[in-house]
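Notes follow once the structure below has been shown.
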Amino acid sequence: MFDYVDFTEVPGDSRGHELKLFALSTCGFCKRAIAFLKENEVGYSYVYVDRLQMGEKKRVKDEFYKRFMTQMLYPALVIDGNDTLVGFTEEAWKQKLGVE
C-alpha cells in the first residue's frame, strides 16, 4: 500500500505498528502531530503530499479514498494499512497509539 511513494523514516518505537503519516508541509495541525510523535518517541514514516508530483498526489488521494472510504484530510496517519487517524486530536492519537 502506497509502495510507490518515497516516505521519510523517523526512528523510534512504532509500538508494533507500521505507521505512515500523510501531511502538508504548511499545515499547523500536521506540525502539531509531528511534534506529538517526536515528543513521544514514536517511529513512523511520512510524506508531505503537497510536495508530490501532481500525478502521484492524485494517485495517493485516490488510493486513500478507495481504501478508507473517506477523503484524505491532514494529517492522516495510516496504521498497519487498515486503520486511520485523520486530523490531529491529541487524546485520540494517545489512545490509538497507546501513548500516556
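Is it the case that segment 76-83 has a residue that's over 13 Å from the mean Cα position of the chain (by Cα) and of a type in the set (A, V, I, L, M)? No, because not a single residue in segment 76-83 is over 13 Å from the mean Cα position of the chain (by Cα) and of a type in the set (A, V, I, L, M).
Can you spot a residue in segment 52-74 that is under 13 Å from Phe2 (Cβ atoms) and in a strand (DSSP E or B)? No: segment 52-74 contains no residue that is under 13 Å from Phe2 (Cβ atoms) and in a strand (DSSP E or B).
So which residues in segment 75-100 are in a loop (DSSP other than H, G, I, E, B) and over 19 Å from Tyr4 (Cα atoms), if there are any at all? Reasoning before the result, please.
Taking segment 75-100 and keeping what is in a loop (DSSP other than H, G, I, E, B), we get 75, 80-82, 87-89, 98-100.
Across segment 75-100, the qualifying residues are Pro75, Gly87, Phe88, Thr89, Gly98, Val99, Glu100.
Within segment 82-100, being β-branched (Val, Ile, Thr) and over 11 Å from Asn40 (Cα atoms) holds for Thr84, Val86, Thr89.
Of everything in segment 12-66 that is of a type in the set (Phe, Trp, Tyr) and closer than 19 Å to Ala92 by Cβ, the residue that is surrounded by the fewest Cβ atoms within 10 Å (Cβ to Cβ) is Phe29.
Taken over segment 36-49, residues that are farther than 15 Å from Phe7 by Cβ and either touching a strand residue (DSSP E or B) at 6+ places or on another chain (Cβ under 8 Å) or in a helix (DSSP H, G or I) (or both) amount to 3.
Summed over segment 2-35, residues that are in a loop (DSSP other than H, G, I, E, B) and at negative phi total 14.
Values quoted throughout were computed directly from the atomic coordinates according to the rules given, and no laboratory measurement underlies them. Computed from a predicted model, the values in this text were never measured in an experiment. Please note: Cβ atoms are built from the backbone with ideal geometry, for glycine as well, and neighbour counts cover all protein chains shown.
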